[in-house]
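Values in this text are rule-based calculations from the coordinates and carry no lab data. Only a predicted model underlies this, so the values are computations on that prediction, with no experimental measurement involved. Methodologically, a virtual Cβ is constructed for each residue, glycine included, from the backbone with ideal geometry; neighbour enumeration extends over all protein chains shown.
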Amino acid sequence: MDPDLSRIIDNLPLGRLERIDCAFEGDWSGSVRTVWSPDVPEVRLPDRTWTTAWYRPSIELMFDSSWFGIRCYTEGDGIRRLDARRATEIIYYVLRARS
């Protein structure tokens, strides 16, 4: 993982993490999906058909009073799709760091 991103994540209040969401930046309320929460601890990313031409797929670390978003996508032929490998790497880094 990008060392700058890992340093940033390490400085977040991970003990207050409530859930991790995934959505299209710019259409958050219309596309948000919870991919991890303490109630349902297995990570559930959207499948490869979850694409967009207009928005940026992102993951968000949701805290009790704030959030931290990370754009996480690949782009080809005018279509943006969640970069599942990168998203998974970031999510598991966060979950290990909060333990």
>> Looking at the chain as a GNM with Cα springs under 10 Å, which of 77, 21, 47 has the largest mean-square fluctuation?
In response: 77
> PRE reach from residue 12 (point 7 Å along Cα→Cβ): which of region 25-55 fall under 20 Å by backbone N?
Replying inline: 25-46
> In whole percent, what relative contact order does the chain give with Cα contacts below 8 Å and a gap of six or more residues?
Replying inline: 27
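For region 19-99, with only Lys/Arg (+1) and Asp/Glu (-1) charged at the beta-carbon, what is the dipole magnitude about the Cα centre, in debye rounded to 20?
Roughly 200 debye, rounded to the nearest 20.
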>> How would region 1-58 be classified by its alpha-carbon gyration tensor: rounded, prolate or oblate, with rounded meaning a/c under 1.5 and the a/b versus b/c comparison settling the rest?
In response: oblate
>> Restricting to DSSP H runs of at least four residues, report the calculated mean residue ellipticity at 222 nm for the chain, -39500 (n - 2.57) per run over all residues, nearest 500 deg cm²/dmol.
In response: -7500 deg cm²/dmol
>> Running a GNM on the chain with Cα contacts under 10 Å, which residue among 19, 56, 86 ends up with the highest mean-square fluctuation?
In response: 86
> Which one of 63, 29, 51 has its Cα pushed farthest toward the positive end of the charge dipole of the chain, where Lys and Arg give +1 and Asp and Glu give -1 at the Cβ?
Replying inline: 51
>> For a test of the definition: using alpha carbon positions, the gyration tensor, and the 1.5 limit on a/c, classify region 54-99 as rounded, prolate or oblate.
In response: oblate
> Between region 84-99 and region 1-44, what is the C-alpha centre distance in whole Å?
Replying inline: 9
> In a Debye calculation with equal point scatterers on the alpha-carbon sites of region 3-98 and no solvent, what is log10 I(q)/I(0) at q = 0.16, 0.20 Å⁻¹?
Replying inline: -0.63, -0.97
>> I want to check the label-to-label distance for residue 43 and residue 68. Put each point 7 Å from Cα in the C-beta direction and report it in nm to one decimal.
In response: 1.6
